[in-house]
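Encoded as structure tokens, the structure appears first; notes follow it.
The values are calculated or read from the model by the stated rules, or taken from the named source; none is laboratory data. Since we're looking at a predicted model, the values are computed, not measured. All Cβ positions, glycine included, derive from the backbone under ideal geometry; neighbour counts span all protein chains shown. Ligands, DNA and RNA are excluded from the accessible area calculation, which covers all protein heavy atoms including side chains. Shrake-Rupley method; radii C 1.70, N 1.55, O 1.52, S 1.80 Å.
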Amino acid sequence: MNGVPTVKVWSVAVRGLHGGLVLSVALSTLGLWWLGGLHQPAGYGALAIVLARLLWGAFGSARADQADRARFVQFVCTPRATLAYLRLLLQRREPRYIGHNPLGGWMVLALLLCVAGLGLTGWLYTTDAYWGDETVERVHRALAWGLLVLVGLHLAGVVFTSLRHHENLVRAMLTGRKRAPGAHDDPCGSVGGGGRRQSSSCVRKAATNCACTAGGTASKCDSAMA
């Protein structure tokens, strides 16, 4: 990055699951029109990736030396903190996050759950009990349109945040590295080795950062995250 110090943000595993999900969803979509026979197997592949990601996000290791920010507790803030971040964003005073910002964290969950719903309803439609069921078909179709909207919002957010904070988030996802954290960035961006104890501290600091975004004073937040 032209001599700018960087830190590891996402591991190969996280980026691999992200890339695999994008590819599976794209192939499943194309399978509806041009790639006959791929819609169903690609959809099952996307469902398997989502289930793996959900399990990892809920129960995965919090080891700091992995620096993968895979656990949901590391980047999903409370609704109150997320709304507070949105207010700061509208005021153009939002902090830069090394991992996902609060809105991005909720977008991750929304995308994963939407793909999971698509995979589940798609599978149900092939079973004897729900073959030809109009309700399942309507839900599947609604989720498909919902996913299209979410993907559009996600891409718009990536472009906006890249321009807002002057960093290429697409390249960051490909390389796993982002610009090193500054004084007002999220508190766990530069965590390196240190094992489980340091990782637990990082998670606590990340939670503190969410709370600070929700309205704590600057002095109290700086002290809490020191």
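The number of residues in the range 151-160 that are out of contact with any helix residue (DSSP H, G or I) (no Cβ under 6 Å at 6 or more places or on another chain) and in contact (Cβ under 8 Å) with a residue 40 or more places away in the chain comes to 3. Checked against (1) open to solvent by 60 Å² or more (accessible area, probe 1.4 Å); (2) in contact (Cβ under 8 Å) with a residue 12 or more places away in the chain; (3) not polar (S, T, N, Q), LEU90 passes all but a single condition, namely (2).
For the range 29-54, which residues satisfy the criterion of being assigned to a helix (DSSP H, G or I), open to solvent by 30 Å² or more (accessible area, probe 1.4 Å) and touching a Gly at 6+ places or on another chain (Cβ under 6 Å)? Those that are assigned to a helix (DSSP H, G or I), open to solvent by 30 Å² or more (accessible area, probe 1.4 Å) and touching a Gly at 6+ places or on another chain (Cβ under 6 Å): HIS39, LEU47, ILE49.
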